[in-house]
1. Under the rule a/c < 1.5 gives rounded, and otherwise a/b versus b/c splits prolate from oblate, where does the range 5-79 land using the Cα gyration tensor?
2. Quick check: Cα centre of the range 133-163 to Cα centre of the range 58-83, how many Å?
3. Quick one: order C61, C144, C24 by neighbouring beta-carbon count within 10 Å, fewest to most.
4. Please compute the contact order of the range 5-79 in relative form: average sequence separation of alpha-carbon pairs under 8 Å and at least six residues apart, divided by the residue count, as a percent.
5. Using a 10 Å cut-off around each Cβ, can you sort D57, D118, D134 from fewest to most neighbouring Cβ atoms?
6. Cα gyration tensor of the range 22-118, axes a ≥ b ≥ c as square roots of the eigenvalues: rounded (a/c below 1.5), prolate (a/b > b/c) or oblate?
7. Testing the spin-label approximation: label points 7 Å from Cα along Cα→Cβ at S75 and K15. State their distance in nm.
8. What shape does the chain have by the C-alpha gyration tensor, where a ≥ b ≥ c are the square roots of the eigenvalues, rounded means a/c under 1.5, and otherwise prolate means a/b greater than b/c and oblate the rest?
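Quick note: the coordinates plus some simple rules give every number you see, no bench work behind them. Values in this document were obtained by computation on a predicted structure and should not be read as measured data. Quick reminder, even Gly has a Cβ in these numbers, built from the backbone with ideal geometry, and neighbours come from all protein chains shown.
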Amino acid sequence: MNNELLILGAGGHAKVVIEAARACGLEPVAVHDDDENLIGRKILGVPVKGRIVDLPDNLNCVAFIAIGNTKIRKSIATRLKRVSWPVLVHPSAYVSPSARVGNGSIVCAGAVIQAEADIGTQVIINTGANIDHDCIIEDFVHVCPGCNLAGAARVGEGAMLGTGTSVIPLKHIGAWATIGAGAAVVNDIPAGATAVGVPARVRR
Ligand SMILES: CC(C)(COP(=O)(O)OP(=O)(O)OC[C@H]1O[C@@H](n2cnc3c(N)ncnc32)[C@H](O)[C@@H]1OP(=O)(O)O)[C@@H](O)C(=O)NCCC(=O)NCCS
């Protein structure tokens with residue numbers, strides 16, 4: 001196993017992930033991104049060395065995926081099967097000792113994950129988001145900054161909850177759904193739907 005740490009993705013979220021890694025005492029050696037124009041640049045001092053698509057399927061190293069798009073995160077993690085994907089928790093986040101957080105998931109600064117919440121693999125719990133007790137957050141979900149999920153809410157695989165979304169207890173957001181920034185989810189949202197507003201309504 002090569003213990004060098006790579007960051008996959010060179011957008012704004014990469015800065016957040018690099019600083020979270022540094023706060024945990026980890027120093028990335030390189031960033032990779034599919035935008036060729038970024039190769040040769042530096043993100044917070046870390047060089048962008050190549051494209052993600054050019055990384056070999058059998059790549060054996062440690063990496064974090066710093067890309068908000070849930071489908072892209074799934075495709076990268078599914079292809080690079082031999083990479084070690086640790087959990088990254090910013091030191092200012094709180095994760096209950098009875099919560100579970102799956103491989104590759106990133107808990108950003110100021111986020112809170114309460115008792116017996118279950119966070120899948122390659123999930124982003126972004127800055128200042130609150131995941132209350134017994135929530136189930138499935139693989140590849142992105143909970144954007146400032147979201148509030150009340151107790152036992154459930155979010156299906158690959159869903160994206162825009163900045164500042166609130167979800168009342170026990171509601172279920174289906175797989176690959178998109179919730180608009182600032183929405184209040186007070187009813188279940190079907191898989192694949194886009195819902196916006198207060199209360200959140202599915203956009204036709
Ligand atoms: C919901 C969302 C995905 C829709 O994106 P889109 O399909 O490109 O939508 P558009 O910007 O074309 O807007 C379409 C309509 O929806 C409305 N709309 C867009 N986002 C909305 C929101 N969050 N709440 C209410 N209405 C919204 C627009 O005003 C527009 O209305 P109109 O047709 O009456 O003018 C997007 O606006 C959003 O909220 N994304 C969240 C992004 C985010 O939080 N990112 C954080 C990254 S860390």
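1. Taking the square roots of the gyration eigenvalues as a ≥ b ≥ c, the range 5-79 is rounded.
2. First find each Cα centre; the distance between them is then 20 Å.
3. Listing C61, C144, C24 from fewest to most nearby Cβ atoms yields C24, C61, C144.
4. The normalised contact order for the range 5-79 reaches 37 percent.
5. In increasing order of surrounding Cβ atoms, one gets D57, D118, D134.
6. Here the range 22-118 falls in the prolate category.
7. The modelled label-to-label distance comes out at 2.6 nm.
8. Taking the square roots of the gyration eigenvalues as a ≥ b ≥ c, the chain is prolate.
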